[in-house]
Amino acid sequence: MPEDRLDIPRLARFQTADIAFEERADSAGKLRFPASSEAPVERYFGTEVLSHVKGAIRTERIDSGAAPLLFNHDWADPVGMLDGAHLEDGRLVVDAHLFDTARAREVAQMVKGGLRNVSIGYQLHVVEEQKKEQRFLATDWEPLEVSIVTVPADPSVGIGREAEHKYSVRILRAESPAAPAAQPGVHSMDQSTTAAAGSSADATVQNNGTETERLRIKGITALCRQHKVDEQTRDQWIDSGKTVDEAAQGVLDIIAARAERNPETVAKLDLTSKEVQRYSLLRAVNAALDKNWQKAGFEAETSRAIAQRLNKVPDANTFYVPFEVQQREVPIQRRDLPPHLQRDMTVATASAGGYLVDTQNLGFIELLRNRSVAFRMGVRRLSGLNGNVTVPKQSGSGTAYWLGTEATAITESNQTFTQVSLSPHTVGAYTEVSRLLTLQSSPDAEGIITSDLSKIVSIAADLAVLNGSGAAGQPLGIINTPSIGATTATSADYGKILDFQADVAGANVVPMSGGYVTTSAVAKILAAKSRFSNTDTPLWDGNLWDATMAGFRAMSSEQMPTGTMLFGDWSEVVVAEWGVLEIAVNPAANFAAGIIGIRAFYSMDVGVRYAGAFSYSSSVTA
């Protein structure tokens, strides 16, 4: 539906009302009466009807007690305040009270004497043209005040001194007729060009600047309304010339910020820094192991608080870790140690627990992210969520049409939006430690358990982002996302490597955080090849784990299927994390040896905003 804007002053409409008057000791009186209805009123722009369906009227001003009851729309003559409003039989019925002043008591006497004229002052926000009914329906409007009046104001114009102040109102025009056929002898082009999903319509509708701007404003407005972005931010994006795609990125940033500061996140308990440091994972593990929480009262209290929010009954062998504790810095073993020294931990031998010669301070969550190829590649993170979330995604853009003549009308085209829905998928991590280790109170021992659990979770999380099946409880990963790009890279050379970038570029995507991920075997092949013959210009420039290739970062991961490679804009991947870390203890993992098992549950999901932002090859050979 085409859209334009009109500058319209604050308006009013008059009606005779049945005013219910109640004497009150604390004021001059209490009133209830209908203030507006769907009766048509002639305006200079056409016949206006105010919609009185749920959602069409912004009653926040009234509900908050900020809307006055005036006399004759005079803002300098308030006689009371509006207390509330509700819809009743297609009318807006308001409750009000009069002030305990001489002026209000004077107005009360007028009402008791038979004055029944009321008028509502309001502001239009969105008006929809309905050609068949020959009217303009206000589908979004806001009452500003209600007045008791002696003489009705002229309904066709603005009212009072506020009439000179104009408000910008969105007018949704009725559908334009289809473009007429080209006249014989007139050379015209009827081809249309549509941008790929994820690109901005601003790049495609170039033949008509007004049409381009209309689509941009319409797209940004739809995004902001859908995701409850405030009007000030919306207007700033529109005024600064942001494209719809840039606004969608901004909406995603706002969603991420909401998640970070959301006080209702299930595992966030608003612990003080002192309480966070006081919490002991080892103490909780031992309490769960012995089923005796007397020596872990603080840990038990936090676990019960989270369990209550989850509507779960606490179990003696299971506890929940506060989100703040998951972010806490704890010492961990050196990450440059050989993998076989970073497995199950005991304190009896140097190869198990004695190599803690150098430590780094990282929390469970940061450990998980640092050990994930996907996180290091730059995926977007939504942390500490509570409940399902949706991420905005532009699925289609406006269409450009060449005009055959000056009289040719542009066919209406719309930008379309969908949402990437994210919901918790839970992964379990399991490690075994000696009972003697759990009895140690040193930070090193706590760091060992945190580190090992996070490493196991990170492997599963990384696999989910790269190659999650979307079945059997797994999130849907990038490789299995429908409609991602495909590249044939058999006998890979420099040209084949560039084909990945060309494929993404063909989808109108300019990578903000681009990079290649493949297996170490493929990385070895590429490191041995040169871009140009007889020169020291390896395709894979760096070690087999971290390198650069064709101007972008390149990493290897054994999470990738054999002989495959993935390139894309990793910032178009959203990884959602729910901050509930559930830990259960098994005291009989190896009873004879005194080994206990520790299992952690962690919840996450993956969403790809634009499938075209990635290109995948399932067969990369020498």
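Computed from the coordinates by the stated procedures, all read-outs in this text should not be read as laboratory data. Keep in mind it's a predicted model, so treat the numbers as computed, not measured. Every residue, glycine among them, receives a Cβ derived from its backbone with ideal geometry; neighbour counts consider all protein chains shown.
Residues 555, 110, 560, ranked from the fewest to the most other C-beta atoms within 10 Å, line up as 110, 555, 560.
Compared with the alpha-carbon gap, the fully stretched path from residue 53 to residue 213 is longer by 54.6 nm at 0.36 nm per residue. With R₀ set to 41 Å, the beta-carbon distance separating residue 562 from residue 295 gives a calculated FRET efficiency near 0.25. Specify whether the C-alpha gyration tensor of segment 444-558 places it in the rounded, prolate or oblate class, a ≥ b ≥ c being the square roots of the eigenvalues: rounded for a/c under 1.5, otherwise prolate if a/b is larger than b/c and oblate if not. Oblate, because a/c is 1.5 or more while a/b does not exceed b/c. Multiplying the residue separation of residue 469 and residue 520 by 0.36 nm and subtracting their alpha-carbon distance yields 16.2 nm.
How much FRET efficiency would the formula 1/(1 + (r/R0)^6) give for residue 100 and residue 5, where r is the Cβ-Cβ distance and R0 is 45 Å, rounded to 0.05?
0.55
Return the FRET efficiency for the residue pair residue 552, residue 134: r is the Cβ-Cβ distance, R0 is 51 Å, and the value is rounded to the nearest 0.05. Once the sixth-power term is evaluated, E becomes 0.30.
Residue exposure proxy: 100, 270, ordered by other Cβ atoms within 10 angstrom of their Cβ from fewest to most, comes out as 270, 100.
Model label points for residue 86 and residue 498, set 7 angstrom from Cα along the Cα-to-Cβ axis, are 7.1 nm apart.
Taking other Cβ atoms within 10 Å as a rough exposure proxy, 99, 21 sort from fewest to most as 21, 99.
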